[in-house]
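Structure first, then comments.
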Amino acid sequence: MSSDLTTIDFYGASLIIQRGPTPETTLVAMRPVVEGMSLNWATQYRKITSHPVLSKGVVEMTTPSNGGSQQMVAMPLPRLNFWLATIQPKKVPDEATRKAVIQYQEECADALFAHFFGKAQANKEEPTKRRLDGDAREARLQFKLGLSIAKMIGIDGNQRILSASRIAKAATGFDYLASMGVQSLDAPQQEALLTPTAIGQRLGNVSAREVNSLFCARDAQTAHRDPKGSIYYEPTAKGIQWGAVMQDTGKRHGDGTPIRQLKWASSAVDRLREEVLGGSH
């Protein structure tokens, strides 16, 4: 466990943060944040790991638990507001949860930033740096406003994010995306996405079960069981780097939530061939 691991109470939720020397290297465990808003972790996990920008910031943080150390999905502090801005309160049916979402959107990221990099850091900073921090906070507000405006006029996807960033930059001169280390937004993935069955065929008649075992053995995905006992898989941070994508199947569970399937970029075939099969197929 890192000596810089800190638990912060935020409206009754215990948020876990691993402080780094800068906001960009300070990690926020995402599950406590999600559950602090009473949102479904599995749904938000799929959303984060399938998002073309957020998925690039996903890392794993080692945290303590009653059963020993465990790995938790985390993101750098500057990307927390980005993720929060993707949640639309109007689509949250429960009023208490909706209020919690708005509360987190308005306060959470700024509160964590102030806790770690607020007064103590500000006392050491030059006036220019303090002014830039103020610009960054104002830019976050303008970015949220830009997302709302873009949605109202029918702009969606990456274009919505880019439009919001331009609004924030025009209003404050601060480049919100650049501050998070995002230099560009990818176009929709052009590389073919394959099921484990299709990957097995390309490897030489390897079964889908064997392919899933290979991905698990290489820490590219983890296996789970749903309430009915059926196995499903979720990508790890390494799997996302390999091109893992959660896709809707068009079907729904009994509770109405979409059924999603883990697929892989075709380049994952070469990954398995090189790392596991030694290029023999």
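We did not get these values from a lab; they are worked out from the coordinates using the rules stated. Note that the structure is a prediction, hence the values are computed from the model and not measured. Cβ sites come from the backbone with ideal geometry, for glycine too, and all protein chains shown count toward neighbours.
Estimated at 0.36 nm per residue, the fully extended path between Ala208 and Leu141 surpasses their Cα-Cα distance by 19.5 nm. Highest-first packing order for the peptide set 46-55, 74-83, 203-212 is 74-83, 46-55, 203-212, based on the mean count of other beta carbon atoms within 10 Å. Among the listed pairs Lys169/Lys238; Lys99/Lys169; Lys47/Lys228; Lys91/Lys228; Lys90/Lys251, those with a Cα-Cα distance over 30 Å are Lys169/Lys238.
Could you please report the charge total around Tyr232, scoring K, R as +1 and D, E as -1 over all other residues with beta-carbon less than 11 angstrom from its beta-carbon? Don't jump to the answer; show the numbers that get you there.
Working: positive: Arg46, Arg225, Lys228, Arg260; negative: Asp226, Glu234.
Around Tyr232, the surrounding residues sum to +2.
Taking 0.36 nm per residue of separation and subtracting the Cα-Cα distance, full extension of the segment from Ile102 to Arg166 would add 20.7 nm.
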